[in-house]
Amino acid sequence: MRRKLIAGNWKMNGLLAEGTALAEALVNLQASNSVNCDLLIAPPATLISPLATLLSGSGIALGGQDCHCEPKGAHTGDISAAMLADLGCRFVIVGHSERRNDHAESNTVIRQKARAAQAAGMTPVICVGESLEEREAGQAEACVADQIRGSLPDDGEAVLAYEPVWAIGTGRSATPEDVARMHEAIRKVTGEVRGADYAARCRILYGGSVKPANAGELLQLLDVDGALVGGASLVAEDFWAIAQAC
Ligand code: PEP
């Protein structure tokens with residue numbers, strides 16, 4: 001049985017006061033309401049240390065938004081997986097489409113980052129998803145299958161997140177039918193790459209304009225094991241309402 005995971009990707013949002021207030025609001029919600037899922041927030045790197053203290057003992061896990069594939073060295077501005085783990089991160093997002101696009105990250109690099117996360121004792125959340133052009137050309141499933149084959153490590157645990165690029169931050173979520181079809185295809189490819197046992201236990205999240213209004217219908221789909229939430233994770237009540245839809 002796969003326990004659902006609701007993950008908040010804060011992206012490049014939140015100065016110290018805002019970020020700590022948001023985390024405090026989540027801790028308060030957690031203390032007074034129970035949810036039937038695991039919770040993760042991935043704040044900007046500058047907030048990881050203060051949030052590690054705030055979230056300690058809350059049951060809300062902390063994650064990074066990216067890591068370098070090397071353990072240390074001359075990589076100005078980058079953060080190693082071990083540095084994130086050292087601060088208490090248990091997960092790290094790799095291969096988000098904003099990283100693939102803004103930083104030209106290839107599947108090979110993303111796989112190396114995922115392996116670095118695993119080597120540091122964390123679980124990578126590997127993002128895949130087609131562009132609008134790829135969807136309109138009928139290439140969505142082939143594109144996502146290529147991304148999985150290229151970026152999923154050969155062993156170790158990983159979470160997959162299907163995030164169609166055209167649905168991220170646009171307010172336009174994929175339809176439940178599209179999501180159901182793609183998640184089934186992702187589990188099939190995962191089985192081809194890693195075997196049936198792994199595919200059966202691998203959590204596959206959906207991301208792309210998830211909000212309280214559409215979370216229920218997306219999260220009840222058979223192969224949807226949670227959500228990766230961007231914009232709505234910046235409003236404590238909305239993030240909580242999504243978690244309560246599990
Ligand atoms: C994301 O960036 O991972 C994301 C899914 O963003 P949003 O929920 O805002 O579409």
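Just so it is clear, none of the values below were taken in a lab; they were calculated from the coordinates. Source: prediction; values computed, not measured. Because the Cβ atoms are built from the backbone with ideal geometry, glycine has one as well, and the counts that use them run over all protein chains shown.
Some points to look at:
- Averaging the sequence gap over all C-alpha pairs within less than 8 Å and six or more residues apart, then dividing by the number of residues, gives the chain a relative contact order of 21 percent.
- For T123, the residues 5 or more places off, or on other chains, whose built amide H falls under 5 Å of its own are F91, V92.
- Amide H partners (placed H, <5 Å) of A161, local residues excluded: I126, C127, V128, L205
- Order by protection proxy (mean Cβ within 10 Å, highest first), peptides 234-246, 7-19, 113-125: 113-125, 234-246, 7-19
- Mean Cβ neighbour count within 10 Å, used as a protection proxy, ranking 134-141, 62-69, 102-109 highest first: 62-69, 134-141, 102-109
- Converting phi to 3J(HN,Hα) with the Karplus coefficients 6.51, -1.76 and 1.60 and the offset θ = phi - 60°, the stretch 169-185 yields x, 9, x, 10, 6, 5, 6, x, 5, 4, 5, 4, 5, 5, 5, 5, 5 Hz in sequence order, with x at every glycine or proline.
- Using the average count of surrounding beta-carbon atoms within 10 Å as a protection proxy, the listed peptides 26-32, 214-220 rank, highest first, as 214-220, 26-32.
- The phi torsions of the stretch 22-36, fed into the Karplus equation with coefficients 6.51, -1.76 and 1.60 and a -60° offset, translate into couplings of 5, 5, 5, 4, 5, 4, 5, 5, 4, 6, 10, 9, 9, 10, 9 Hz, rounded to whole numbers, with Gly and Pro shown as x.
- For the stretch 41-143, the mean projected area of the C-alpha convex hull, equal to one quarter of the hull surface, is 7.4 nm².
- Difference of contour (0.36 nm per residue) and Cα-Cα distance, R90 to S58: 10.1 nm
- The lysine pair count for the chain, using Cα distances under 20 Å and pairs eight or more places apart or on different chains, is 5.
- Residues whose amide H lies under 5 Å from that of H68, counting only those 5 or more places away or on a different chain, are I79, S80, A81; hydrogens are built 1.01 Å from N in the peptide plane.
- What the Cβ-Cβ distance of M1 and A31 gives, at R0 = 25 Å and to the nearest 0.05, is a FRET efficiency of 0.45.
- Proxy reagent accessibility, fewest Cβ within 10 Å first, across I204, I6: I204, I6
- Residues in the stretch 53-68 carry Karplus couplings, in order, of 5, 4, 8, 4, x, 7, x, 8, 7, 10, x, x, 9, 5, 8, 7 Hz; the curve used is 6.51 cos²θ - 1.76 cosθ + 1.60 with θ = phi - 60°, and Gly or Pro positions show x.
- In the calculated pair-distance distribution of the chain, the portion above 26 angstrom amounts to 33 percent of the Cα-Cα pairs.
- Kirkwood Rh, angstrom, the stretch 11-99 [1 / mean 1/r, Cα pairs]: 13.8
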